[in-house]
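To keep things clear, I will list the structure first and then write my remarks on it.
Here, each number is a calculation from the coordinates, and none is a lab measurement. Not measured: the values here are computed from a predicted model. Reconstructed Cβ throughout: ideal geometry from the backbone, glycine too, with neighbour counts over all protein chains shown.
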Amino acid sequence: MSVSPATFALPATFLGLAAHGRDASWCIAGIPLDVGTTNRSGARDGPAAIRRASRMLVDGAHPVHRIEPALLSVADIGDFAIALGDIEKSLALIERQAAGIGHLIALGGEHGITLPLLRALAKRTGPLALVHFDAHVDTWPDNFGQRYAHGSVFFHAIEEGLVDARRAVQVGIRSPMGIDVHDWTVERGVRIVPAEAVHEAGPAAVAEQIRAVVGDAPAYLSVDVDVLDPAFAPGTGTPEIGGLASWQLLAILRRLGEVGFVGMDVVEVAPAYDVAEITALAAATVAWEYLALMGKRAAG
């Protein structure tokens, strides 16, 4: 009789998965980039922390979708290489490594990883719709003189034509920002749904807005863990009060089965500031939720 290992004894991969090659339907990769952070550093340790926390999620099927993500065609392919201390070389390396992967689920690392992932994807799909959960719009032209810091990701993505701004929606926004940054973002066509609007309208209404904005375009999902209130995600570099509760984020994601996602990332977990792994577990659960959504979609 075979006995499954206890969760603490599972391999140190996402969901304890075997790394059985990049030909899986969904590939998990860690990207420990942590060069362009502007407040508290430490996101380089995010991928390992997310993987450790994910061992909590292997006891059975998703409670709503009735899909067991660990049993899907999914592989943890390890961490991408980066260029130590060099943002632009790191972005080029990440783009090259992502180029040959069909459907990538990336564990950050800082939010800067999203730009090269979009560059790699857009070469195959054309401009993408965007579903972006965050406390910050990340459309600053630069951060403190650094052109490719983690707060400039979607400025470049829009300017480079990687994202169709008219099909982009940003949920949970609540940080201080320059009026010029806000106006530039809205003038490009991006729909901003502030955190307060999520609290007032509820997950079902927000999910309906997202579906309406994205339509039937191929879409990318990017989740900065600081979209959650620090009560639910203290372990991040740029916490902002007044954020979403964990249940609100999950309830919105579970209603996005009609969106044609072709890739996703969850970023900005900084374990040094975490408490009892709650931030890492939140990030792991977001990736797990996404896998369950993809599995359900694939099963029809």
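Sorting the segments 188-200, 81-93 by their mean number of nearby beta carbons within 10 angstrom, highest to lowest, gives 188-200, 81-93. Packing order of peptides 27-36, 271-280, highest average first: 27-36, 271-280 (average count of other Cβ atoms within 10 Å over each peptide's residues).
Judged by the mean number of other Cβ atoms found within 10 Å, the most tightly packed of the peptides 242-251, 167-176, 138-147 leads the ranking 167-176, 242-251, 138-147.
In the chain, a dipole from Cβ-located charges (positive for Lys and Arg, negative for Asp and Glu) runs towards its positive end, and of CYS27, THR185, ALA251 it is CYS27 whose Cα lies farthest in that direction. Fully extending the segment from ALA299 to GLU200, taken as 0.36 nm per residue of separation minus the present Cα-Cα distance, adds 32.2 nm. Take the convex hull of the alpha carbons in the chain; its mean projected area over all directions comes to 14.6 nm².
In this rough spin-label picture, where each label sits 7 Å from Cα along the Cβ direction, the GLN146-LYS123 distance is 2.6 nm.
For the pair ALA6 and ALA276, label points projected 7 Å from Cα toward Cβ lie 1.9 nm apart. Each of ASP86 and ASN39 was given a label point 7 Å from its Cα along the Cα-to-Cβ line. The distance between the two points is 3.1 nm. Seen against the Cα atoms of the chain and their longest principal axis, helix 87-99 is set at about 50 degrees. Here r is the Cβ-Cβ distance between ARG66 and ARG22 and R0 is 30 Å; the resulting FRET efficiency, rounded to 0.05, is 0.60.
The long axis of helix 203-214 is offset from the longest Cα principal axis of the chain by roughly 70 degrees. Only helical runs count toward this figure. For the chain, summing -39,500 (n - 2.57) over DSSP H runs of n ≥ 4 and dividing by all residues gives -9500 deg cm²/dmol at 222 nm.
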